[in-house]
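K.L.:
For reference, the structure I am asking about is given below.
The values are calculated or read from the model by the stated rules, or taken from the named source; none is laboratory data. What you are looking at is a predicted structure, and each value in this text was computed from that prediction instead of being measured. Glycine gets a Cβ as well: all are built from the backbone with ideal geometry, and neighbour counts include every protein chain shown.
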Amino acid sequence: MRMTPIIEKLFVNRDKEMSIFRQMLKKQSAKRIMTIRAAGGTGKSWLMARLQHECSCEEVSMCEVDFKSSRILDYLAVLRHTRDAYGARYFGAFTSLVNEYTQPHPPVQIGGGSASVSAKIDVKDVIESKVEVAGRDIIVVKDNYLLLPETQSVPLSQIREHVTAEFANCLRSFIATRQEPVVWFFDHFESASEEVVPWLYDEFLMRTLDPEFNNLIVVIAGREVPQFGLEWDHVACSCHLGKLTVNDFAEYVRKTTIPMSKETVTWLHRVFDGDIQQFALELQAYKQEAGL
């Protein structure tokens, strides 16, 4: 979710979370992993949009992985999406390795005393992108986007380990090209697949404890988020977004410039049970109907 003028104007509360993130961006804190746990309607999406807006203002490289997307189903989809967001040119070794593992092995047909090889690859299996070079569009094939196969000699767990390690090496090299931090957002973590959850925590984030990843900031948000142990205390912090208060509602109403008494705001806060998102939608509809 990207920042819009209406969110910028009406953003309320969450000053603590914004302060923590700003300190991380400015390297004023040793923390570089931030979890944001929030129930529905507490303004988590608005906060994520505000954090990403902060990155844009500071010209910080960022990527958002939204697990609510139907395209992010496994760890490889996470890595491919991230590569494309940061720039495929920095992840050539990773792409080559994926292509190596997913290269079709056509069957050998033997007949009439001769051997022949046949294979069929559909065009839809190949993803292309356009880049501009000297004013001309050049087609670049990033990888064939086939699934990683399991063979008798190489199990999927070993392939996953190899691919993850290569991606981490590429990400480390990419980070080294930046003076400012690199930010990686994960949203709607509760929708992550059963494969992704342990992979992200046990196989990937463990690698980021290496000092060479000190310039990487990771923000994980959702109704459920990973619980980091004591060994992470020096780099990880957790935030819990509670329901907004009556005063938060009053501030929001004030910013909308809609006249409303304190008693009315209190009543609406109770009606919407602190759900600022639903309240905002209803208030916007009211403004349109009333021509305010």
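K.L.:
Can you tell me which residue in the stretch 252-272 is modelled with the lowest pLDDT, limited to those that are within 18 Å of G41 (Cα to Cα) and hydrophobic (A, V, I, L, M, F, W, C)? Write out each step before concluding.
P.N.:
Kept after step one, since they are within 18 Å of G41 (Cα to Cα), are these residues of the stretch 252-272: 252-253, 265-272.
Cutting the leftovers down to hydrophobic (A, V, I, L, M, F, W, C) gives us 253, 265, 267-268, 271-272.
On the way: V253: 75, V265: 80, W267: 84, L268: 80, V271: 82, F272: 79.
Once the filter is applied, the top-ranked residue is V253.
K.L.:
May I pose another question? Would you point out the residue of the stretch 35-50, among those that are in contact with a Leu (Cβ under 9 Å, 6 or more places away or on another chain), among the hydrophobic types (A, V, I, L, M, F, W, C) and crowded, with 19+ Cβ neighbours inside 10 Å, that is farthest from E282 (Cα to Cα)?
P.N.:
So, considering only residues that are in contact with a Leu (Cβ under 9 Å, 6 or more places away or on another chain), among the hydrophobic types (A, V, I, L, M, F, W, C) and crowded, with 19+ Cβ neighbours inside 10 Å, the one farthest from E282 (Cα to Cα) is I36.
K.L.:
Considering the stretch 67-123 alone, what residues qualify as being outside any helix (DSSP H, G or I), at pLDDT below 80 and either of a type in the set (A, V, I, L, M) or under 22 Å from I159 (Cβ atoms) (or both)?
P.N.:
Q103, P104, H105, P106, P107, V108, I110, A115, V117, A119, I121
K.L.:
Evaluate the following for F279: is it in the same structural domain as Q52 (by TED's automatic domain parsing), surrounded by 15 or more Cβ atoms within 10 Å (Cβ to Cβ) and in a helix (DSSP H, G or I)?
P.N.:
Numbers: in the same structural domain as Q52 (by TED's automatic domain parsing): no; surrounded by 15 or more Cβ atoms within 10 Å (Cβ to Cβ): yes; in a helix (DSSP H, G or I): yes.
No: the conditions fail for F279.
K.L.:
For the stretch 42-60, which positions are in contact with a helix residue (DSSP H, G or I) (Cβ under 8 Å, 6 or more places away or on another chain) and not in a loop (DSSP other than H, G, I, E, B)?
P.N.:
Passing the criteria: S45, W46, L47, A49, R50, L51, H53, E54, C55.
K.L.:
Next question, about the same structure. Name the residue, out of P198, P226, P211, that is modelled with pLDDT under 95, exposed (fewer than 15 other Cβ atoms within 10 Å of the Cβ), in the same structural domain as E17 (by TED's automatic domain parsing) and within 17 Å of the chain's Cα centre (by Cα).
P.N.:
The conditions single out P198.
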